[in-house]
Amino acid sequence: MVCKVALFFFFAMQAISAQLDISFMRFYKNDKDFISDVRLLATGRFNQSHLQVFYDLNKNPLIKEWVDSSGDVINREILQYNENKKLIRKYYTGIDQQIDSVKYFGENEPWSIEFRKALKENSHDYFQNQQTLFKLNASSQFEFMEFRTVQGNIYGKIEFIYNHIGFLVGEAWKALPENIIVRKYVYSVDILTGKKEIREFNQSSEQISYVVLSQPSADSLYKTPPPRFGNNLDEISILLEDIENKNLRIPFDVFIPKTDYDLMVLTNGDSLMVEGAILRQQHVLFNIAGEKPQLTIPKSRVKSITSKYGEPIYP
């Protein structure tokens with residue numbers, strides 16, 4: 001239940017940085033001069049705070065850095081565009097160069113869509129090109145989300161509430177500027193049993209939904225009784241088998257990689273399509289695909305065995 005997102009934002013920034021195609025840079029005295037394109041001479045930036053901006057070939061700003069009089073970067077802003085060169089995100093970093101907030105542009109941002117469902121139907125705000133700000137706290141958890149119209153008016157906010165050990169225990173969805181709670185969630189976690197409870201309340205503080213999530217025992221995840229061998233140990237394979245054999249309908253697009261048999265790769269580079277692989281202490285029992293006789297091969301001659309769903313069986 002802990003919203004650890006720093007790692008996600010780290011990889012996101014790494015991916016963005018890898019795609020940056022910086023062509024040139026310019027210097028400005030402050031953000032106001034940047035907007036007005038009143039540039040600062042390169043020699044005028046020494047021993048004074050300034051703003052340096054990196055551009056691509058199309059003169060789109062990619063990175064904005066606020067530099068103090070000592071020449072140290074104290075804040076950084078990374079801008080991301082879509083294939084049509086429209087600004088879609090801004091990533092903000094602090095003095096520690098870690099991302100502390102992200103701003104999304106556009107009315108299709110999922111959290112803003114869900115928040116607007118909780119607003120009154122007679123709301124007349126203009127949401128096209130709206131902005132969503134995700135703010136992290138010192139523990140790299142979501143602190144709040146803030147929603148602004150294109151005019152800059154804040155129309156909503158989601159605040160996240162944590163207990164003393166860092167577990168998420170609640171959410172408060174507030175309509176602004178009225179500061180009215182339009183939706184509230186309360187979470188509780190039993191660490192010993194793994195049971196999680198989710199309660200949802202409406203604007204009148206009436207409970208409108210209640211969900212209990214519990215973790216099943218390990219034995220209930222398997223269809224075959226002990227001892228289990230080979231890929232029978234992997235509950236993912238069992239679930240995928242159910243989806244295929246029972247022709248279950250999945251309410252979203254999903255690609256399940258699958259071959260007809262497991263793949264055994266030998267240390268000499270040869271590969272075999274096998275089924276029913278059973279791992280013993282010193283050897284592997286298996287059947288060649290489509291053949292009945294069970295064969296044996298020393299583990300020292302086996303480099304790897306991969307299930308037909310792409311899951312590693314050995315090593």
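Observations
- Leu87-Leu213 pseudo-label distance in nm [points 7 Å out on the Cα-to-Cβ vector]: 3.6
- Spacing of the modelled spin labels on Val150 and Ile288, each 7 Å from Cα toward Cβ, amounts to 6.8 nm.
- If R0 is taken as 35 Å, the Cβ-Cβ distance between Tyr126 and Tyr55 corresponds to a FRET efficiency of 0.70.
- Legend: residue pairs Lys86/Lys157; Lys135/Lys174; Lys246/Lys292; Lys174/Lys196; Lys135/Lys195; Lys85/Lys117, Cα-Cα distance threshold 21 Å; pairs beyond threshold, Lys86/Lys157; Lys246/Lys292; Lys174/Lys196; Lys135/Lys195; Lys85/Lys117.
- FRET E, pair Asp96, Asp21, Förster distance 25 Å, beta-carbon r, rounded to 0.05: 0.40
- log₁₀ of I(q)/I(0) at q = 0.09, 0.13 Å⁻¹ - the stretch 37-192, Debye sum with one point per alpha carbon: -0.41, -0.78
- Two-site FRET efficiency, Asp33 against Ala138, from Cβ-Cβ distance with R₀ of 30 Å, rounded to 0.05: 0.40
- Working from label points 7 Å from Cα in the Cα-to-Cβ sense, the Phe46 to Thr259 distance is 6.4 nm.
A short reminder: the numbers here are calculations on the coordinates, not readings from a lab. Computed from a predicted structure; not experimentally measured. Here Cβ is always computed from backbone atoms with ideal geometry, including for glycine, and neighbour counts include all displayed protein chains.
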